[in-house]
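Student: My questions will all concern the structure given below.
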Amino acid sequence: MTSPSAAIPAAATRSDAARNRGRLLDAAAGLIAERGSDVDVREIARRAEVGMGTLYRHFPTKEALLDAALEHVFTSWADAATAALTGRPWDDLARFLGDALTRQTASPGLLDAYCQALPGQAGNTARQHCRQQVGPLIAELVRAAHASGELRPDLTAEDVSLLLVALGRIAPVVPEPAWRRILHVSLDGLRSSAATSMPAPARPPGDA
């Protein structure tokens, strides 16, 4: 039987390991947000203030570390967006888009990771985590706005994702008032009242 005194070092070791893993994930997520996934693991270790041996004990390959970090990034984004929901469908959709653009402007690499999650793009890891974490949230926002009658019925969750990417390319290179104005104009085009005066073009054959 393990004595209580022997259990203390083991618990401390587990606590240290969990803390180091968390620091590595935070460091990797931060660097991905700043620069995208093309980041050197040595820089991740330096930011996390751990040695390379510690990094490789937790993540034997760079791919394993980036995989876990992307899941961390998308989960944190989805959790924050979910916590901000108010139950007012149109306001929630508009706020989500505005907050997402604010996040992408502050963290340019996040948009690159998000773009990898779009259909037909490379980056299976990003696509998997985005679909699991952010994708369902966007789908629910679209569903609720459709149910309330405020969102034009021909809009899909994929349309909203593509709009977010397009605006995300604009937001980092213009002042905030400018991209917020473009977002406001875009939101007007998403309203159900716009569908009758401005029908959407037909989808290409085979488009989901």
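Student: Taking Cα centroids, how far is segment 135-153 from segment 37-57 in Å?
Tutor: The distance from the Cα centre of segment 135-153 to that of segment 37-57 comes to 40 Å.
Student: Using 7 Å Cα-to-Cβ label points, what is the T102/Q132 separation (nm, one decimal)?
Tutor: 2.8
Student: Taking the highest mean first, how do the peptides 169-177, 153-161 order by number of other beta carbon atoms within 10 angstrom per residue? Don't skip to the answer; put the middle values down first.
Tutor: Numbers: 169-177: 12.7, 153-161: 16.3.
Ranking the peptides 169-177, 153-161 by packing returns 153-161, 169-177.
Student: With θ set to phi - 60° and the Karplus curve 6.51 cos²θ - 1.76 cosθ + 1.60, what are the ³J(HN,Hα) couplings of segment 175-181 in order, to the nearest whole Hz, using x for Gly and Pro?
Tutor: So the Karplus estimates, Gly and Pro as x, are x, 4, x, 5, 6, 5, 5 Hz.
Student: Taking the Cβ-Cβ separation of S76 and S193 as r and a Förster radius of 35 Å, what is the calculated FRET efficiency to the nearest 0.05? Don't jump to the answer; show the numbers that get you there.
Tutor: Numbers: r = 35 Å, r/R0 = 1.00.
E(calc), rounded to 0.05, equals 0.50.
Student: Taking 35 Å as R0, compute the FRET efficiency from the Cβ-Cβ separation of D91 and D38 and round it to 0.05.
Tutor: 0.40
Student: What are the ³J(HN,Hα) couplings of segment 57-64, residue after residue, when phi is run through the Karplus curve with 6.51, -1.76, 1.60 and θ = phi - 60°? Round to Hz, x for glycine and proline.
Tutor: 5, 7, 9, x, 9, 4, 4, 5
Student: In whole Hz, with x marking every Gly and Pro, tabulate ³J(HN,Hα) for segment 155-165 from phi via Karplus 6.51 cos²θ - 1.76 cosθ + 1.60, θ = phi - 60°.
Tutor: 8, 10, 4, 5, 4, 5, 4, 5, 4, 4, 5
Student: For L151, enumerate residues with amide H under 5 Å from its amide H, sequence gap 5+ or separate chain, H modeled in the peptide plane.
Tutor: Sorted by chain and number, the residues that satisfy this are H146, S192.
Student: A further question on this structure: Compute the FRET efficiency between S15 and R169 as 1/(1 + (r/R0)^6), taking r as their Cβ-Cβ distance and R0 = 35 Å, and round to the nearest 0.05.
Tutor: Details: r = 43 Å, r/R0 = 1.22.
Step by step, r from the Cβ atoms, then E = 0.25.
Student: If you count only protein heavy atoms with a 1.4 Å probe, what accessible area per residue comes out for segment 12-153, rounded to a whole Å²?
Tutor: On the way: 6850 Å² over 142 residues.
Using a 1.4 Å probe on heavy atoms only, each residue of segment 12-153 averages 48 Å².
The values are calculated or read from the model by the stated rules, or taken from the named source; none is laboratory data. For clarity, every value in this text was computed on a predicted model and none was experimentally measured. When we count neighbours, we look across all protein chains shown, and the Cβ atoms used for this are built from the backbone with ideal geometry, even at glycine. These area figures cover heavy atoms from the full protein model, side chains too; ligands, DNA and RNA do not enter into them. Shrake-Rupley method; radii C 1.70, N 1.55, O 1.52, S 1.80 Å.
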